[in-house]
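Structure first, commentary second.
The values are calculated or read from the model by the stated rules, or taken from the named source; none is laboratory data. Not measured: the values here are computed from a predicted model. Here Cβ is always computed from backbone atoms with ideal geometry, including for glycine, and neighbour counts include all displayed protein chains.
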Amino acid sequence: MLKNLRTFMENEGITLFVVNSTDEYLSEYVSLDKNARYLVTGFSGSTGDVIVTPAEVFLFVDGRYHLQAEKQTNLDIVTVVKVGMDKSPLKVLYEKLAELATPNVKIGIVSTKTSCSAFKEMQKALENKQDVIIAEYEFDPVSPAQPPIDEKKLKYVPLAISGKITPQKMELVRKYTHDNNIDLLLITNLEEIAYLTNLRGKEIPYSSSFKAKAAVFRDKLHIFRTENKFNQFIKSVKAENVYFCPGSTTLSVCRKIEAVTNKLVEIKDSFISELKSIKTNQERSYMQECYLKTDIVVNRTICWLNQSLEKEIKVSEKNLSDKVKSLFIEEGATGLSFETITASGENTAFIHYTSPDCEKAINAGDLILLDCGAYFEYGYATDQTRTFLAGGKRAIATDQQKHVYTAVLKAFLNGLNYDLSDDTTGFDIDKKVREVIEANKPEGFTFSHATGHGVGIPVHEAPPKIGPTEVSKTLLRPGMCFTIEPGLYCEGKGGVRIENTVMLIDGKIETLTRAGFDENLIDYDMLSEQEKVWLEEYNKIKVG
């Protein structure tokens, strides 16, 4: 595919081409056969974009994928740019694009896979460059064209689960549009559409959303399942102004709207996403049921592995991954919310290790990092991580394994029991967790990802964000659901992550995840008296 792309670039007179990892709906997860970034580089992570030149390939990845990107790509061809937590990979990509841009350079982008906000950021990075030409393509020269939507039957989420029917949600949206004098509100975020309609689908990998675009116009919600119907609507509608979210709207869509009106207004924070982030009591109850099933899957997986090792049955990382998937099906899951991570030994240093080795046998005493989640009948994601010692009580942990695990556990307990106030943000929780990690980590180990993320219809929902950057400095509100997942990793040695999904209820952090911790790996001498109390309280409610 790289050769074909360079031939295309030569024919078009393009010097620099940006290759995306997403699709026309800006989905986080895209099947690899349709993922242009994967087809060019071989890197299978969920995020990470690329610059291709006639002689070089630059792949930009965040801390979750530093090791994986190097392992999966040919480093003689691909330069892996490891981005820290202080910047987004996309920002660093555009800075590199500006560095590479010579006068009169022609840059190629795919407008159907580039968000309006990303395009704006690219323009800003290139503003001091002379005579740069940006060629916008509606088709992707790397990945095949998307087939027409297979309008599979969608699942309706009843009031007993959602807590609000669509007319109730739309009443709030209508008030928002009236209060802000919005004629047409464009909705291109798939999870927002799923939320408003109380519908779920199975059209996208690791997602319960469905492919569509939507608009609120003259107090009505319009849903478009095909591009043609959406285009016809845009051409025919007479709106004084059109409001849209630049982060979830493609450049291609913006161009179509610009053709019929010049009154496009950007929305900084999506009102619908904020509504979606506040879970109703009914959603909370249903999600508790889903997390109980996920706890059961995790506990059954650990028991199965330990019993297999006791019987001297060979189990590979791939066997373990397959077992997790089969147990989720037994518990009623309709699909996974992300690719299961089953890393063993030194592979636990790969933060998102999604290519389990069918040849790598798991041995008693190996650290196992299990990160898994699923969707059940009504399409709310689950997500949790447990690190444990293979072999159960027969296995003996090393001093280093105990040190790393307990350092992470200390940080986790401090995050889970954070003393909330009315002005607490995700940044505050991350700061506390990171302080504990930094004070207790062994030499060589790093914590190179955010403390957590929102969870709901997608496994990665925003708001809220729980991290060390500005985007996490927004207030945490009652009903918000998010993860607390500190970790420590060291290439060649391994890693530990502990993750619970939690919800803010009555001014406190309430855990949805209730799986226990591995007593074999806890060094109680490292725990403060308060942390011991917190651990004892948690053990009273744990599952299994």
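Surrounded by fewer than 20 Cβ atoms within 10 Å (Cβ to Cβ), within 30 Å of I457 (Cα to Cα) and of a type outside the set (D, E, K, R): does that describe I329? When the stated conditions are applied, I329 passes them. Within the range 145-175, the set of residues being modelled with pLDDT of 95 or more and of a type in the set (G, A, S) comprises A160, S162, G163. The lone criterion from (1) closer than 28 Å to G379 by Cβ; (2) not in a helix (DSSP H, G or I); (3) not hydrophobic (A, V, I, L, M, F, W, C) left unmet by D131 is number (1). So which residues in the range 304-323 are without any contact (Cβ under 8 Å) to a residue 60 or more places away in the chain and either within 15 Å of S355 (Cα to Cα) or in a helix (DSSP H, G or I) (or both)? W304, Q307, S308, S316, E317, K318, N319, L320, S321, D322, K323 - these are the residues of the range 304-323 that are without any contact (Cβ under 8 Å) to a residue 60 or more places away in the chain and either within 15 Å of S355 (Cα to Cα) or in a helix (DSSP H, G or I) (or both). Are any of the residues in the range 500-509 in the same structural domain as F388 (by TED's automatic domain parsing), under 16 Å from the mean Cα position of the chain (by Cα), outside any helix (DSSP H, G or I) and buried (at least 22 other Cβ atoms within 10 Å of the Cβ)? The answer is yes, given that some residue of the range 500-509 is in the same structural domain as F388 (by TED's automatic domain parsing), under 16 Å from the mean Cα position of the chain (by Cα), outside any helix (DSSP H, G or I) and buried (at least 22 other Cβ atoms within 10 Å of the Cβ).
At pLDDT 95 or above, farther than 23 Å from P89 by Cβ and either assigned to a loop (DSSP other than H, G, I, E, B) or of a type in the set (G, A, S) (or both): does that describe D423? Taking the combined requirement at face value, the residue satisfies it. The single condition from (1) touching a residue at least 12 places away in the same chain (Cβ under 8 Å); (2) under 26 Å from G544 (Cα atoms) that G492 fails is (2).
Identification of helices (runs of 4 or more DSSP H) wholly contained in the range 150-222 with 3 or more residues that are surrounded by 13 or more Cβ atoms within 10 Å (Cβ to Cβ) and in contact with a strand residue (DSSP E or B) (Cβ under 8 Å, 6 or more places away or on another chain) yields 166-179, 190-197. If only residues of the range 297-319 that are of a type in the set (D, E, K, R) and more than 25 Å from the chain's Cα centre (by Cα) are counted, the one that is farthest from K393 (Cα to Cα) is K314. Among the residues of the range 17-63, which ones are assigned to a loop (DSSP other than H, G, I, E, B), more than 18 Å from the chain's Cα centre (by Cα) and touching a residue at least 40 places away in the same chain (Cβ under 8 Å)? Listed by number, the residues that qualify are T53, P54. Filtering D506, D428, D523, D518 for residues that are of a type in the set (D, E) and touching a helix residue (DSSP H, G or I) at 6+ places or on another chain (Cβ under 6 Å) leaves a single hit, D523.
Entry remark, the range 237-261: residues being surrounded by 22 or more Cβ atoms within 10 Å (Cβ to Cβ) and polar (S, T, N, Q) number 3 in total.
In the range 431-450 there is no residue that is assigned to a strand (DSSP E or B), crowded, with 18+ Cβ neighbours inside 10 Å and of a type in the set (D, E, K, R). For the range 481-496, a residue qualifies if it is buried (at least 23 other Cβ atoms within 10 Å of the Cβ) and more than 16 Å from the chain's Cα centre (by Cα), and the qualifying residues are G487, L488, Y489, G494, G495, V496. Scanning the range 64-101 for residues that are farther than 30 Å from E12 by Cα, in contact (Cβ under 8 Å) with a residue 60 or more places away in the chain and surrounded by fewer than 19 Cβ atoms within 10 Å (Cβ to Cβ) yields a count of 4.
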